[in-house]
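Some notes on the structure that comes next.
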Amino acid sequence: MARHTIRFSDEQIAQLEAASGGNISDYIRKKLFGEDGGLREALDRIDHLSDDIEDLIRSMPESGGNEGLPLLAEILLILRATVKPETIRKVQAELSRNAITPWSAE
């Protein structure tokens, strides 16, 4: 395997160590080459969610007070794409605890 050296400041090294949990090489490799899903996974999730929302909107009656639905859908998609999966699980667990059925794409 070829080696390449990158120079970082002490502050950058500290940030990388904190973010990587100690293995900077693996962390950088995953960020550069997408081995952890990252943005690609979020974009795939957004595509699936937007399809589900479109289906839901099509099934709703015309102008039933849904003028704000596109804005709400966009906000929810942005939130879903930016939060960590464990945060989504915590929120869904809290909904379940309060006898509210969490939304699922399945």
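Just add up the charged neighbours of SER96: K/R +1, D/E -1, any other residue whose Cβ is under 13 Å from the Cβ of SER96.
Net charge around SER96: +2.
Order ARG7, ARG89, ARG58 by their accessible area, 1.4 angstrom probe, all chains in place, largest first.
Ranked list, largest accessible area first: ARG7, ARG58, ARG89.
If I model a spin label at LEU32 and ALA18 as a point 7 Å from the Cα along the Cα→Cβ vector, what separation in nanometres do I get?
For LEU32 paired with ALA18, the spin-label model returns 2.3 nm.
The values are calculated or read from the model by the stated rules, or taken from the named source; none is laboratory data. Keep in mind the model is a prediction, meaning the values are calculated, not measured. Methodologically, a virtual Cβ is constructed for each residue, glycine included, from the backbone with ideal geometry; neighbour enumeration extends over all protein chains shown. These accessible areas exclude ligands, DNA and RNA; they are computed on the full protein's heavy atoms, side chains included. Shrake-Rupley method; radii C 1.70, N 1.55, O 1.52, S 1.80 Å.
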